[in-house]
Amino acid sequence: MAQTEKVKSILATLPDSPGCYLMKDEQGKIIYVGKAINLKNRVKSYFQASSDHSYKTKQMVRNIRDIEWIVVASELEALILEMNLIKQHRPFYNVRLKDDKRYPYIKIHWQDDFPKLSVTRNMVQDGSRYFGPYTSVWAVHQTLDILRKIFPYLTCAREITGKDPRPCLYYDIHLCSGPCIGAISKKDYRQMIDDLARFLEGKTDPVLKRLQKEMDSASEAMNYEKAALIRDQIQAIQRVVERQKIISTERKDSDVIAMARSNGEACVQVFFIRSGKLIGREYFILEGTEEEKNAAILEEFIKQFYSQAASIPNKVLLPQEVEEAHIIQEWLNTRRGGEKVQIKVPKRGESKDLVQMAAENAAETLRSLEIRWKADKDRQRTALNEIQETLGMAEPPNRIECYDISNTQGTASVGSMVVFEQGVPNKKLYRRFNIRTVTGPDDFASMKEVLKRRFSNYFSENEAKQNPGYKPDLAFSILPDLLIVDGGKGQLRQAIDILEEMDLNGALTIAGLAKQEEELFLPDNPESLRLDDHSQGYYLIQRIRDEAHRFAITAHRNRRGKIGLASKLDTIPGIGPSRRKELISRFGSIKGILEADASEIAKIKGISLEKANAIKAELE
């Protein structure tokens, strides 16, 4: 295959060592990450004419302009490095989990005397216990609602001494065990949270046995109120456990993984079996799967999924063999603290049936998603066609940008820019503009400033294209097909003035959106235009306007909160500009500081534990 002189020189110097290689395109962007036992042989193979190369591989090779490699000591190190690089760079030609956001976990703050629970997207080595990943934040919060009724854990920000004069409402409605008033000891509270953790792990039998003993002891001691509370807890656990189907007689922990594919999409289903019971299941969609073999997709999924899984089971059951099973197994053993993990492809019996059931669920999930995706695409296509027709555009608007201004009596003014591509919000391209040049509540002047800065950035991006190694900022380097300003005729006039000033007249369609009745105004047209109230175009315009408004208000509140926090911090003795800036940066708001532990605040340079407690007292 064709090679540039630079690539040829790199191929000539590749080492005969294990390691990872990073393929880069003309802009220096990493488009593929791979690993090899022998870097020289593996990388050179891409550039040798072969009928084994897929169309996808050939396309990738045509785009390679640079290759970087990293030598490591072993195949296991290469595997771990490859996973980290794929997670960091998300190269286009690699198979990868579809959502680039982190998945949510349930976090138990075990390092605290009275541990709380929270939802997080980051696992850090801070002594906490983690459960997940889950694919739905909504499902995580549902789980927490159930757990709180069974194990009434602490949720408030009080410092727990056990000597508070009265508890909060949650204690009265049995959603908190009341450690603040000493209703539960530290030892018993931690035991309750440990039971909760075991419940999440599917290990409910030991919890039920211990609670049964506690209930009997309380009853014998004639402490009938405590016995009744434990009885209710046991019954609540049993109701949940009854819904957990026993599907394995082995009574062991295993993950069952299977996959379905259709129209270039791949859906992997994971069944989580703990002590023989199905305690949960999650599905994951993968990108970059076109022309890839099933085994290769499964292999990549296993590596990416278990690199972020909170726990590793004894056994992983697969529908077919994967090439790197031995090295993946070795890696999983290290992730499990040296305990042996089996990767098996069952040929018969109960385990094979479980894999088949997971495959059927994956296929059904993918069918349901495809129906939904098709319906969404049809709606988006219809909406864009309706907008095109109403506004008299030559083509449906592929990229729509909408702008809004938010302030409170002229203070902390912020402009928002939201971007919809093919009818779908692209939040990576959203931008906010802190208003710099306008004094007082002048939305027109603020809109002018925002649009001028946006299009100045467009021209700057165009000039930067000439520079070697240029990486485009896609928020600014592309003009919208349709620009909407929230505010009707008045704001439309500001947009027209800026486009004329910057010689962009005719380069895009602009419209002003009135706050009432969703009326659209175009330049040189005194009459407003309206889409049908029940049309897809009308709903899309509403959604775009609401998103611009939401984003502007959120940015404004954040800015106003920081201004308010800064002024409050100014009144505290001993808090100068640098410490104030650090407090704002780390905690974001007064609420954030009040909810933080004093020891966390004391980590800021120059703030002692005594000063941290004084800051909290002043803010309260």
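Could you tell me how many of the residues in the range 329-361 are touching a helix residue (DSSP H, G or I) at 6+ places or on another chain (Cβ under 9 Å) and farther than 16 Å from SER254 by Cα? Working first, answer last.
At the first step, the residues of the range 329-361 found to be touching a helix residue (DSSP H, G or I) at 6+ places or on another chain (Cβ under 9 Å) are 330-332, 334-335, 339-346.
Those left that are additionally farther than 16 Å from SER254 by Cα: 330-331, 334.
Of the residues in that region, 3 qualify.
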Residue check, ALA218 in a helix (DSSP H, G or I) and surrounded by fewer than 16 Cβ atoms within 10 Å (Cβ to Cβ) | no
Quick one: in the range 420-439, of everything that is in a strand (DSSP E or B) and of a type outside the set (A, V, I, L, M), which residue is modelled with the highest pLDDT?
-> PHE420
In the range 454-487, what residues are among the polar types (S, T, N, Q) and under 30 Å from the mean Cα position of the chain (by Cα)?
-> ASN457, SER477
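Here is a yes/no grid of residues against (1) more than 30 Å from THR289 (Cβ to Cβ); (2) touching a Gly at 6+ places or on another chain (Cβ under 7 Å); (3) of a type in the set (A, V, I, L, M, F, W, C):
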| position | (1), (2), (3) |
| --- | --- |
| PRO91 | no, no, no |
| ASN94 | no, yes, no |
| LYS98 | no, no, no |
| TRP110 | yes, yes, yes |
| ASP113 | yes, no, no |
| ARG129 | yes, no, no |
| PRO133 | no, no, no |
| ASP145 | yes, no, no |
| ILE150 | yes, no, yes |
Top-ranked residue of the range 164-199 - restricted to ones that are closer than 20 Å to PHE131 by Cβ and among the acidic types (Asp, Glu), ranked as surrounded by the fewest Cβ atoms within 10 Å (Cβ to Cβ) | ASP194
How many residues are part of a helix (DSSP H, G or I) and not hydrophobic (A, V, I, L, M, F, W, C) when one looks only at the range 592-612?
-> 6
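Going by the conditions given, is TYR171 of a type outside the set (Lys, Arg), in contact with a strand residue (DSSP E or B) (Cβ under 6 Å, 6 or more places away or on another chain) and at negative phi? Give the steps one after another, and end with the answer.
Details: of a type outside the set (Lys, Arg): yes; in contact with a strand residue (DSSP E or B) (Cβ under 6 Å, 6 or more places away or on another chain): no; at negative phi: yes.
Spelling it out, it is not the case that TYR171 is of a type outside the set (Lys, Arg), in contact with a strand residue (DSSP E or B) (Cβ under 6 Å, 6 or more places away or on another chain) and at negative phi.
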Contact list, first residue from the range 43-71 and in the same structural domain as PRO15 (by TED's automatic domain parsing), second anywhere and assigned to a helix (DSSP H, G or I), beta-carbon distance below 6 Å, six or more apart or interchain, is LYS44/LEU11; TYR46/VAL61; ILE67/ILE10; TRP69/LEU39
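A quick yes/no check of all residues on (1) part of a loop (DSSP other than H, G, I, E, B); (2) surrounded by fewer than 16 Cβ atoms within 10 Å (Cβ to Cβ):
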site: ASP16; (1), (2): yes, yes
site: CYS20; (1), (2): no, no
site: GLY28; (1), (2): yes, yes
site: VAL33; (1), (2): no, no
site: LYS40; (1), (2): no, no
site: LYS44; (1), (2): no, yes
site: ALA49; (1), (2): yes, yes
site: ASP52; (1), (2): yes, yes
site: VAL61; (1), (2): no, no
Given the residues ILE328, ILE387, which is the only one that is closer than 18 Å to PHE305 by Cα and not aromatic (Phe, Trp, Tyr)?
-> ILE328
Please give the number of the condition SER118 fails out of (1) assigned by TED's automatic domain parsing to the domain that holds GLN191; (2) among the small types (Gly, Ala, Ser); (3) surrounded by fewer than 15 Cβ atoms within 10 Å (Cβ to Cβ); (4) in contact with a Pro (Cβ under 8 Å, 6 or more places away or on another chain).
-> (4)
Selection status of GLU461, part of a helix (DSSP H, G or I), without any contact (Cβ under 8 Å) to a residue 40 or more places away in the chain and buried (at least 18 other Cβ atoms within 10 Å of the Cβ) | no
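Given the structure, is PRO396 surrounded by 14 or more Cβ atoms within 10 Å (Cβ to Cβ), farther than 30 Å from ALA295 by Cβ and in contact with a Lys or Arg (Cβ under 8 Å, 6 or more places away or on another chain)? Give the steps one after another, and end with the answer.
Values: surrounded by 14 or more Cβ atoms within 10 Å (Cβ to Cβ): yes; farther than 30 Å from ALA295 by Cβ: yes; in contact with a Lys or Arg (Cβ under 8 Å, 6 or more places away or on another chain): yes.
So PRO396 fits the description; yes.
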Looking at the range 300-319, is at least one residue more than 28 Å from ARG121 (Cβ to Cβ), buried (at least 17 other Cβ atoms within 10 Å of the Cβ), at pLDDT 90 or above and out of contact with any Ser or Thr (no Cβ under 9 Å at 6 or more places or on another chain)?
-> yes
Here the residues within the range 23-66 that are in contact with a Leu (Cβ under 7 Å, 6 or more places away or on another chain), closer than 17 Å to LYS6 by Cα and of a type in the set (A, V, I, L, M) are ILE30, VAL43
Any chance you could count how many residues in the range 163-185 are part of a helix (DSSP H, G or I) and modelled with pLDDT of 90 or more?
-> 3
Note on the range 84-98: residues of a type in the set (D, E, K, R) and out of contact with any helix residue (DSSP H, G or I) (no Cβ under 8 Å at 6 or more places or on another chain) are ARG90, LYS98
Matching option when the condition is over 23 Å from ASN94 (Cβ atoms), in contact with a helix residue (DSSP H, G or I) (Cβ under 7 Å, 6 or more places away or on another chain) and at pLDDT below 85, among ILE247, ILE279 | ILE247
Top-ranked residue in the range 512-544 [being of a type in the set (Lys, Arg) and either part of a helix (DSSP H, G or I) or over 35 Å from the mean Cα position of the chain (by Cα) (or both); ranked as farthest from SER406 (Cα to Cα)] | ARG530
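The values are calculated or read from the model by the stated rules, or taken from the named source; none is laboratory data. All values reported here derive from a predicted model rather than from experimental measurement. For neighbour counting, all protein chains shown are included, and Cβ atoms are generated from backbone atoms with ideal geometry for every residue, glycine included.
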